[in-house]
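Colleague: Got a structure for you, written out below as structure tokens; questions coming shortly.
The values are calculated or read from the model by the stated rules, or taken from the named source; none is laboratory data. Source: prediction; values computed, not measured. Every residue, glycine as well, gets a Cβ built from its backbone with ideal geometry; the counts of neighbours run over all protein chains shown. Just so you know, the surface numbers come from the protein's heavy atoms only, side chains and all, with ligands and any DNA or RNA stripped out. Shrake-Rupley method; radii C 1.70, N 1.55, O 1.52, S 1.80 Å.
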Amino acid sequence: MNFTILRFDSIDSTNTEALNQAKQGADEGLCIVAKQQTAGRGRHGRTWISEKDAGLYFSLVLRPTIENKFLPLLTLMCAVAVYDVLRELYKLKPDIKWANDIHIDEKKICGILAEMTETKRGLAVIVGIGINLKSSNFPLELEAIATSVEQEINQEIDADELLENLTKHLAKYYQILESENGAEKIRREWANRSTYYRGKNVTVKLENESVTGTTRGLEESGALRIETENGEIKIIHAGEVERLRKI
Ligand code: BTN
């Protein structure tokens, strides 16, 4: 993939900009990077706090050719790429919480938001990645549940080096996903990096209900299989997964 990087000092949301650019015909590989976001977006309509230089705020335009049923694997693929970068560059020990949150010691360090849009050139998928670099500006409610690269390694981060490595890994795993049996390969890479893959006791909050049980691997599409107490397998396509702790 050829990357074109467009940098902004401040922007509402790199995902919104990437969506607009994709609608206007941008090529696959366009990256929008900003030092600050004034309206950073998280999943489920939440805000992604994006103080200046406190995180890597990055969105990539993709024009995937994989079957539609495999599109959710794009976010799993991004999680795998971020996982590898954090390990290789900073020697961190991440975990991927289904589907695509990256945690260090159960604190969130990275979130991923994938969005789709129809364009004149066909379907485009925007993958937005936010990696916390600094914790100093975390609001109180985040302190207990989030961490940052600087907090973990006590060192200043070179955001350009991080970006360069991230794009390399994204290109690698995207190529794998688009290759023969790519979906299976990405599921395997994800499974090797996530303790949520099998045997984890979780509660998943869905819109109107929650499902409690033990994780039992992934469906073809990347959906999570959960075995409930009465032995039923529930397939989770989206929702907030919470690890159940023993009291
Ligand atoms: C989540 O809720 O975990 C997903 C957070 C995704 C945040 C990133 S930061 C770059 C990109 N632009 C956005 O507005 N959101 C994503």
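Colleague: Filtering segment 11-23 down to residues that are more than 16 Å from ILE129 (Cα to Cα) and free of Cβ contacts under 8 Å to residues at least 60 places away in the same chain, which residue is surrounded by the most Cβ atoms within 10 Å (Cβ to Cβ)?
Modeller: GLN21
Colleague: For segment 1-31, name all the residues that are hydrophobic (A, V, I, L, M, F, W, C) and part of a loop (DSSP other than H, G, I, E, B).
Modeller: Passing the criteria: MET1, PHE3, ALA26.
Colleague: When you check THR65 against the structure, is it surrounded by fewer than 18 Cβ atoms within 10 Å (Cβ to Cβ) and either part of a strand (DSSP E or B) or of a type in the set (Ser, Thr, Tyr) (or both), yes or no?
Modeller: yes
Colleague: Moving on. Considering only segment 193-207, I want to know if a residue exists there that is open to solvent by 70 Å² or more (accessible area, probe 1.4 Å), part of a loop (DSSP other than H, G, I, E, B) and either within 25 Å of GLU115 (Cβ to Cβ) or at pLDDT below 95 (or both).
Modeller: Checking segment 193-207: at least one residue is open to solvent by 70 Å² or more (accessible area, probe 1.4 Å), part of a loop (DSSP other than H, G, I, E, B) and either within 25 Å of GLU115 (Cβ to Cβ) or at pLDDT below 95 (or both).
Colleague: So, one more: If you take the residues in segment 107-147 that are open to solvent by 80 Å² or more (accessible area, probe 1.4 Å) and in a loop (DSSP other than H, G, I, E, B), which one is farthest from the ligand (Cβ to nearest atom)?
Modeller: Narrowing segment 107-147 to residues open to solvent by 80 Å² or more (accessible area, probe 1.4 Å): 116, 118, 120-121, 136-137, 140-141, 143, 145.
Cutting the leftovers down to in a loop (DSSP other than H, G, I, E, B) gives us 120-121, 136-137, 145.
Working: LYS120: 23, ARG121: 22, SER136: 18, ASN137: 15, ILE145: 12 Å.
Step by step, filter segment 107-147, then rank; the result is LYS120.
Colleague: If you don't mind, there's one more thing I want to ask. Looking at (1) more than 13 Å from the ligand (Cβ to nearest atom); (2) more than 28 Å from GLU242 (Cβ to Cβ); (3) among the aliphatic types (A, V, I, L, M), can you tell me which one LEU60 breaks?
Modeller: (1)
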